[in-house]
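Below is one structure; the comments refer to it alone.
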Amino acid sequence: MTARAPLDDRRGRGAVATWAAMLLAAAPLPPMQDVPIRFVAENAGASSPMRLTTDGLAFDVTQWVGVFLPLKGAELLEIDYRVRGIVLLTWGSGDGTTTPAPHSPPWHHEVLKQGAGRATLDFRTTAGWSPERVPFLFFEGAGDVVLTGIRTLPAQGGREDAVRRRDQAIRLAPIRIDHTTINFLDPPVWNASRGIFLLDLLGIAFAVLAVGGSLAWLAIRRRWTPVPFLAVAGVAVALLGDGVFLVRVWPSLALRPRIDAGERLRENLHFSPALGALTALALESVGPDERVGVQAGANDWFGWETLCFHLAPRPCVRVLPAAMVHEGLPGTGRLGADQLDVVVYLNPGAPLLPGFSPVASVGAEAFVARRR
Amino acid sequence: MSFLLAAAAICASGYALLRAIGLATGRSSVDLPLSWFAGGAWVGLASFTARGLLGIPSGPATAIVVLALPAAGWAVARRRVRGLGARGDGGARWLPRPAWLFAPMAAWTAAVAVAVLLHGLATPVHTDDSYRVRALAPILAATGAWNDAARDAIAVAGPVPTYVPSLAWVLGAGIDPVHVSASVVLTFLALLTLLVALGSERGVPEAGWGAAFAITSMPFFGYHSASTYADAWLGMYLAAAFAFLVALARTGAPADAGRAMLLLVGAALVKREGELLVLPVVAVLLAQVAWRERTVRGTLGPIGLLLGAYLLAVAARVAAVGAASAFPFLRAAAERSVGAAPEAAAAAAGEVAQAGPGAGAILLRAMFTDGDLGILWWVFLASLLLLAPRLRREGLAWALLALGMVLAETAASATWLYPQFTLDHGTVHRSLLPVSAAAAVWLAWLLGSPIAPPGRPEAEARRRSRKEPRRRGG
C-alpha cells in the first residue's frame, strides 16, 4: 500500500485551483490508499466488456461506457490511466443498479489526455452524493482506456463527518461549463446540508454593515450619511463574492489565445472533445465549395448541427436514411444524396452512404468520407 | 485581423455619425467606445432597413455604402446642423477617491476584462443548442440568404447581432463564427471604457469605476460577454444608454439626451425583444425631455428625429417577417390577457402547483440568492431605501422610473407571460442581465456622486480654509 497526495495532472491551472480550493475549503487531506485493480475488475459493473490485463483494467470506447466502481461511499478517487484516442470522462454517483444521467448539472467532466495521465475525481460535489452511493464513471468518445491505478481516501468518521466534508467541498467546488451554464451558473453554496447560500450570507452581512454603520454614525455624530457605509460594505462583500467566483471558475477558463478555428474546436469544445476533433478535421478536409452530408445518430441533433454550423457557408445537411432530400440548418437549403461531395460520419449506427469511403478519421466510428 | 479591420470601419462610421448629428463629446476617451456602439447600431439599422424595407440585397457594395453614408452626412452637416451641443459640463477628473477603495475595484474590473477577452476568443462558438440563432444569422446574412427561415432567424437575432459580426465576411473575409463572440467581447470592453471615461469626463470617476466594477461583479454577465448569446449584448447597449440618462440628470445637457436615445435605438436593434424592452425607457426619456422643454427649448425635435430610427427598425422588421411574427410577445400577452394561456405556460403552471417554488420566488432567488448577478440587487435595494430622499436632489428619479419599468417588464415576462422558462430556469437568469446592467450603472451614479461632490471647487476650498490651518512651507 502506497500513500500519495492527490494531484491533478490535467493542466497547471487545474492543479493550482484544486489546491487553492482544498486549502481554502478543507483541512489537509489524509494519504490516499491503493485499490487493487483485480478487486475492481471482479466487482465493478460495466455496460461493456472489460479486460483485466497486466497493465490494468482495459476497455474500448466507441460511443460510451458506463462503470460502477465497488467503492461504496468513496469521496475522492485518484485514477491513473492510459488512453489512446479522444475520451471524455464524466463522474458521478449512483445506487449501483440504475444508471444516473451523466450530463445533468453540475456535470463533472474532464478530457483525458492521450497517453498516460492521472485524474483526481471529487464525488462529494456531484449531484446526490451520499455515503451510501457508489462511484459511477462514464467514458465517451473514440478510443481505448486502461485504468492502471485507482486510489481512494479511507473512510473517516461517521455519516455526519462525511456530510461535513461534503459541505466543505461544495463551498468552493469548481464551476464546470456544461449545457446549462449559459442559462445559469451553479449557485455558490455555503452549507449544502442546511441549504444556506453564500449570497444570502453576503447579503445579510452587507445589510448589517451598511445599515448598522449608518445608524451607529447617526447615533454618534448626529449625521445621517449612509453613502460611505453603503459603498464600502457593498464593495467589500462584492469582492468577497468575486473572490469565491474566481476560485470556482478558474479551472474552466480557456485563457490561451487560439487564433485558428480548428485549434479552438480541438481544445475547447468541452462538451464533446471527439466531436470537436471531428469538426476541426472536417474544416481542414472539406473544400470551400464542397457539399457536405452528416450521418449521425437518430437522436444526435447536437452533433450534426455543430458540424454544419462550423462548416458554413458550405452547403451542409443532415443525412436521414429514409429521406429523399436532406435538410440543413434553418435557411441554408436542401441537398439530395447524389449532390453530396463529402460525408461526415458520426456514430450513426447505420452503414456509410454507398459510394463513399473514409479519407480522414478520429476513430472507427467518426471520420470524413469522400465519394469514390 | 479581418474582424479588427471591420471593427475599425464600424468605429469610423459611428464616429462620423456622432459628428454628423452633433453627439460627439469632443473627448476621444468617450467618443471612441461610443463610436463602436453608434457604428454598430447604424450598420444594423441601415443594413436591415435596406434589406427588409427597400429590398436591396446584402453585399460588399451595400456594406460600403452603409459604412460611408455617415461620413457623407458629416460632410454635409458640418456647415448646416448645429446639433445638440458637444461637451458635457467639463471639469474632468480621472482618479477616483479614495484610492484604497477603488484600487481593488479597478484591478478586478481589468482582470475580468482580460479574462472575457481571452476566454471569448479562445472558445469555439458552442452552446447548449450546438449552434445559436444569434450566431447563425450573421452567416445567413453574409451568404445573402433571404428565404423565410433566414428572415426569421435574422429577425430573432436582431439587426445588430446579425450585421455587425458579418461585416468582414460580406466584404470578403472567410467566415469564422468567432466574429460573433468577438463582437460581444468588443462591445463589453467598449462598455467598460465608456463607463469609466464618461464618469471621469463628468468629474465623477467614482461613478464610472463603480459602474464598471458593479457590472464585472456579476459573474453571469461576464460569462455571457464571452459567449455568442445576445442577452448581455442587449444589456451593454442598455447600460450605455443609462450612463447618459444618469449623466443627463446631472448636466441637463440636451446632447446627453440625444446620446441616450441613440443608444436606446441600438438596444432596440439587439434581439427580437430589444424593441419592446427599451420602449418604456424611450417613453420616459421623451417625457423627461418634454418636461425640460418648458425651460430649455430645442431638444425635443432632434430627439424625435432619433426616435424615427426606432420606428424605421420596427417597419423593417414587420416588412421582413410580417406583423404577427415581428412581435410574438404582444401576441402572447394578448392571449394571456384574455385567459387563453399559451399551452406550455399552462402546463408549467400545473407543474408548479404540484411541486417546487413558483415563478415569482424563482425570480427573486435569481436576483438575490443564486449568485449569477452577484451582490448587486442587495446593494440596490438597500441604497434605494436609505437614500430615497436624495433621488430628487441627484436628479435620478427619471432614470429610476425607466429602470423600474424595465424591471417590471422583465418580471412580467418571467412570471406571467412565459413562466415555463422561469420554472425550468431556462431563461429567467438571462432575462435579468439587461435590467441588471442598467441597475448597476444607476446605482453607481447614486453612490458615486455624493462621495465626491462635483464642481464648485472654490466652495470646497473656502470650507477648508475656515476649518483647517493654512499649511506653510514644504
Using the Kyte-Doolittle scale, find the helices of chain B whose mean hydropathy is at least 0.0 and whose Cα atoms extend 24 Å or more along the helix's long axis, counting only whole DSSP H runs. B:2-20, B:28-48, B:60-80, B:99-122, B:178-201, B:231-251, B:274-292, B:300-321, B:428-451
Counting only DSSP loop positions in the range A:137-246, the trypsin sites (Lys or Arg not before Pro) whose Cβ has at most 13 other Cβ atoms within 10 Å are A:ARG194, A:ARG222, A:ARG223
Computed D for the range B:185-335, Stokes-Einstein, Kirkwood radius over alpha-carbon pairs, 37 °C, 0.692 mPa s, to the nearest µm² per second, is 199
Over the residues of the range A:12-171, compute the C-alpha Rg and express it relative to 2.2 N^0.38 Å. 1.00
Taking a cut-off of 16 Å, what percent of all Cα-Cα pairs in the range A:189-250 are separated by more than that? 53
Cα-based Rg/(2.2 N^0.38 Å) for the range A:261-371, rounded to two decimals, is 0.95
Two-site label geometry, A:LEU352 and B:LEU32: point separation in nm, points 7 Å out along Cα→Cβ: 5.3
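Using just the Cα positions, wrap the protein assembly as shown in a convex hull and report its mean projected area in square nanometres, one decimal place.
For the Cα atoms of the protein assembly as shown, the hull's average projected area reads 41.6 nm².
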Cβ-Cβ cut-off under 15 Å around B:PRO159, Lys and Arg +1, Asp and Glu -1: the net charge is +3
With the dipole of the protein assembly as shown defined by +1 on each Lys or Arg Cβ and -1 on each Asp or Glu Cβ, the option from A:VAL292, A:LEU240, A:LEU269 whose Cα lies farthest towards the positive pole is A:LEU240
Note to self: with every protein chain in place and a 1.4 Å probe, the protein assembly as shown gives an accessible area per residue in Å² of 40
With Cα atoms, 0 to 90° folded angle of helix A:273-285 axis to chain A main axis: 50
If unit charges are put on Cβ atoms (+1 for Lys and Arg, -1 for Asp and Glu) and the dipole of the range A:226-330 is taken about its Cα centre, the option from A:LEU320, A:PRO226, A:TRP250 lying farthest towards the positive end turns out to be A:PRO226
Can you give me the % of accessible surface on the protein assembly as shown that is carbon or sulfur? Probe 1.4 Å, all protein chains present, nothing else counted. 61
Residue-averaged 222 nm ellipticity for chain B, from DSSP H runs of 4+ at -39500 (n - 2.57), nearest 500: -23000 deg cm²/dmol
Mean projected area in nm² (Cα convex hull; one quarter of hull surface) for chain B: 25.4
Starting from the Cα of A:VAL359, step 7 Å along the direction of its Cβ; do the same at B:GLU293; then give the gap between the two resulting points in nm. 6.6
Percent RCO, i.e. relative contact order, over the range A:189-250, from Cα pairs under 8 Å lying at least 6 residues apart: 27
Testing the spin-label approximation: label points 7 Å from Cα along Cα→Cβ at A:GLU284 and B:ALA333. State their distance in nm. 5.2
Note down the magnitude of the dipole of chain A about its Cα centre, charges +1 on Lys and Arg C-beta and -1 on Asp and Glu C-beta and zero elsewhere, to the nearest 20 debye. 1000
What's the total accessible area buried between chains A and B, using a 1.4 Å probe, rounded to the nearest 100 Å²? 5200
Between the helical axis of A:301-311 and the dominant principal axis of chain A, each derived from Cα atoms, what acute angle in degrees is found, rounded to the nearest 10? 80
Report the extension gain between B:ALA412 and B:ALA8 in nm, rounded to one decimal, defined as 0.36 nm multiplied by the number of residues separating them, less their alpha carbon distance. 141.5 nm
Using only the alpha carbons of chain A, determine the length spanned along each of the three principal axes and report them from longest to shortest in whole angstroms. 88, 56, 34
Using only Cα atoms, find the angle between the long axis of helix A:226-249 and the longest principal axis of chain A, and express it within 0 to 90 degrees, rounded to the nearest 10. 40
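The values are calculated or read from the model by the stated rules, or taken from the named source; none is laboratory data. Note that this is a predicted model, so its numbers are computed, not measured. Here Cβ is always computed from backbone atoms with ideal geometry, including for glycine, and neighbour counts include all displayed protein chains. Protein only, heavy atoms only, side chains kept; ligands, DNA and RNA dropped before computing areas. Shrake-Rupley method; radii C 1.70, N 1.55, O 1.52, S 1.80 Å.
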